[in-house]
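Report on the following structure.
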Amino acid sequence: MDRFKPRTSAVAAGLAACGLAATVALSGCSAGQVSQMATQEPAVNGTSANVGPISLRNVHLRAAQSTDYVQPGRDVELLFVAVNSSPDVNDKLVSITSDVGKVTLTGDTSVPANGVLVVGEPDGQIAPLESAEKADAAKAAVALSTPITNGLTYKFTFAFEKAGETTVTVPISAGEAPRREAAVEAGDTGAHH
């Protein structure tokens, strides 16, 4: 029986080596992988950026689009939230520029220390009570000089009095406008026979 002992040891060692090789090969499959949760973005329409203590969030254009492009000569809304994380330095949004058109800011664009500036009213947000609403709410309108369309992003440069400038690529959101508005006007009610 001793003549089979070296062969049994060799087979066991071979199986152990194969098992180790399989373990190493399979563990390499997940090396360098990034989990889905690590790259998941919040469910908002827009993009985000930071400049100094100012964080821009949910930056997007709101434009109902019924043709291939939203044409020049039309005004669209630029919506966003600016958060100032500085504990003691107030700031102010002084201008926004873009190649797609002239941006006009109205209202109070101050961003207080540890405060928030909300520009525009995002879809789905519950409107504040009129008595609690700021009398000088901030808004940003873009008078388009070039055509824009969904699926593309457009560069906007935000300039703050103290934090400085940052450029953000901004997408378009159609908002809560009915998606079939153009089809209904053309006589298609969506009921197919």
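The values are calculated or read from the model by the stated rules, or taken from the named source; none is laboratory data. What you are looking at is a predicted structure, and each value in this text was computed from that prediction instead of being measured. Each accessible area value is taken on the protein alone, full model and side chains, heavy atoms only, with ligands, DNA and RNA left out. Shrake-Rupley method; radii C 1.70, N 1.55, O 1.52, S 1.80 Å.
What residues qualify as long-range amide H neighbours of Asp91, i.e. H under 5 Å apart, gap of 5 or more or another chain, H built at 1.01 Å from N?
For Asp91, whose amide H was placed from the backbone, the distant partners under 5 Å are Val111, Ala113.
Using heavy-atom solvent-accessible surface (probe 1.4 Å) with all chains present, what is the largest-first order of Tyr69, Tyr154? Before the final figure, lay out each step's value.
Numbers: Tyr69 105, Tyr154 30 Å².
Ranking Tyr69, Tyr154 by accessible area, largest first, yields Tyr69, Tyr154.
Express in nm, to one decimal, how much length is gained between Ala113 and Thr97 on full extension, taking 0.36 nm for each residue of separation and deducting their alpha carbon distance.
Details: separation 16, 0.36 × 16 = 5.76 nm, distance 2.42 nm.
Extending this stretch completely gives an extra 3.3 nm.
Quick one: length gained pulling Lys162 to Asp136 fully straight, 0.36 nm per residue minus the C-alpha distance? Each step should come with its number before you reach the end.
Details: separation 26, 0.36 × 26 = 9.36 nm, distance 2.18 nm.
Full-extension gain reported as 7.2 nm.
Just need the relative contact order of the stretch 44-117 here, percent rounded to a whole number, with Cα pairs under 8 Å and 6+ apart.
Values: 118 pairs, mean separation 20.3, N = 74.
Over the stretch 44-117, the number comes to 27 percent.
Amide H of Ala138 versus every other amide H placed in the peptide plane: which residues, excluding those fewer than 5 positions away on the same chain, fall under 5 Å?
Asp108, Gly120
Whole-Hz Karplus ³J(HN,Hα) for the stretch 115-120, in order, using 6.51 cos²θ - 1.76 cosθ + 1.60 and θ = phi - 60°, x for Gly and Pro?
Ordered by residue, 3J(HN,Hα) equals x, 9, 10, 9, 10, x Hz.
What percentage of the solvent-accessible surface of the stretch 47-106, computed with a 1.4 Å probe over protein heavy atoms, is contributed by carbon and sulfur atoms? Spell out each step's value before the answer.
On the way: 1400 of 2960 Å².
Heavy-atom surface of the stretch 47-106 belonging to carbon and sulfur, 1.4 Å probe: 47 percent.
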